[in-house]
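The values are calculated or read from the model by the stated rules, or taken from the named source; none is laboratory data. Treat the numbers as computed from the prediction; the structure is a model and nothing was measured. Heads up, the Cβs are rebuilt from the backbone with ideal geometry, glycines too, and the neighbour counts pull from every protein chain shown.
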Amino acid sequence: MTSQLLSATISSSANGRAIVTMVAAMACFVLNDALVKHVSQSMASVQLVFLRGLMASALVLLVAHRLGALRQAGALLHPRVALRAAVDACATLLYLLSLFRLPIGNATAINLAAPLFMTVFAVLFMGERAGRARWSAVVLGFAGVLCVVQPSGDGFNAWSLLCLLGTLFHATRDLLTRRIDPVIPSIIITLATALAVTLLAGCLTLFSGWPPFAPGDLALLGVAAAFLATGYFLLVQCMRAGEVSLTAPFRYSAVLFAMLLGYAVWDEVPSGWAWLGIALLVGSGLYMLNSERGRLRAAALDAQPE
């Protein structure tokens, strides 16, 4: 019984850290997106992704060197690491191609359906048990996303299906992370991802050309690359530590960060529907956390000797 209680406590602690890591990763991705959105006004999109990828790869490479992880650089070619990186590169390409041709609200809503897919995949292929609380939190959070972004019916077309395919790739990428040998450092997995996205974007620049850009844009991309690399690393850590069906709904925190940033930088004031969406998002997270605490208490009671 004592070992059962200890196991439940350790699992709960790992899940708690994974939730915090997921929220921090989403904050990094939103800050990256805000900087990229600003730079995209004066720089070609594929060129932007390539330059940002070069900087992110260099930064991750430096960190890997300082951590001594480059001794395991051969793991970059490990089949599961390489597969995850390739899936991530394809997901990025599919999402960007659709984003350029869809209203941003529609693309955001589709992309944030990833937690739904991840929960389904985790139950079907990873043997996780997602109870009523987790399913409710996922559905409630997605409803909140729809309230915030308010996608228009006219914006859904063939490009929406491409965006949906990209979302499926994103969900697959994160589940593949769980299948990678724990002895492979997370920073190596992060480096593989950065290199794969950079390589793919670099190939596309051969067809899109190379227009001139301002040095100031390059500096902003450097900051964006730092946020992107940090987000990559945190997401890998989260996927390797916590239960997928538990941490997936906390991806919706990206919407909250985006709205706060929109208000602080662009004076974008949320509408009534957006406030309702915020309430649903916050409520889904609190409901999930309360349910997890209840699960731990139940495990503690079961472990007590009679």
Just for the range 61-103: of the residues that are over 17 Å from the mean Cα position of the chain (by Cα), closer than 25 Å to residue 253 by Cα and assigned to a helix (DSSP H, G or I), which one is modelled with the lowest pLDDT? 97
Given the conditions (1) modelled with pLDDT of 90 or more; (2) in contact with a Ser or Thr (Cβ under 8 Å, 6 or more places away or on another chain), which single one is not true for residue 232? (1)
Does residue 80 qualify as being surrounded by fewer than 22 Cβ atoms within 10 Å (Cβ to Cβ), farther than 12 Å from residue 191 by Cα and in contact with a Lys or Arg (Cβ under 6 Å, 6 or more places away or on another chain)? yes
Restricting attention to the range 19-60, which residues are modelled with pLDDT of 90 or more and touching a Cys at 6+ places or on another chain (Cβ under 7 Å)? 21, 25
Given (1) surrounded by 15 or more Cβ atoms within 10 Å (Cβ to Cβ); (2) farther than 20 Å from residue 254 by Cβ; (3) modelled with pLDDT of 85 or more, index of the condition residue 11 fails: (3)
Considering the range 236-270, residues that are farther than 30 Å from residue 85 by Cα and at pLDDT 75 or above, and then whichever is farthest from the chain's Cα centre (by Cα), we arrive at 264
Would you please list the contacts, defined by Cβ atoms under 8 Å and residues six or more apart or on different chains, that run from a residue in the range 174-189 that is touching a residue at least 12 places away in the same chain (Cβ under 8 Å) to a residue that is among the aliphatic types (A, V, I, L, M) and not in a helix (DSSP H, G or I)? 175/126; 178/126; 185/67; 187/67; 189/180
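Each row is one residue, and each column tells you yes or no for (1) over 21 Å from the mean Cα position of the chain (by Cα); (2) surrounded by 20 or more Cβ atoms within 10 Å (Cβ to Cβ).
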residue: 37; (1), (2): no, no
residue: 42; (1), (2): yes, no
residue: 46; (1), (2): no, yes
residue: 50; (1), (2): no, yes
Being of a type in the set (Val, Ile, Thr), touching a Ser or Thr at 6+ places or on another chain (Cβ under 8 Å), within 18 Å of residue 86 (Cβ to Cβ) and buried (at least 20 other Cβ atoms within 10 Å of the Cβ), is that true of even one residue in the range 173-195? yes
Just to confirm my filter: which helices (runs of 4 or more DSSP H) fall fully inside the range 138-251 and include at least 2 residues that are more than 22 Å from residue 27 (Cα to Cα) and polar (S, T, N, Q)? 186-208
Would you be able to tell me the number of residues in the range 12-51 that are outside any helix (DSSP H, G or I) and in contact (Cβ under 8 Å) with a residue 24 or more places away in the chain? 3
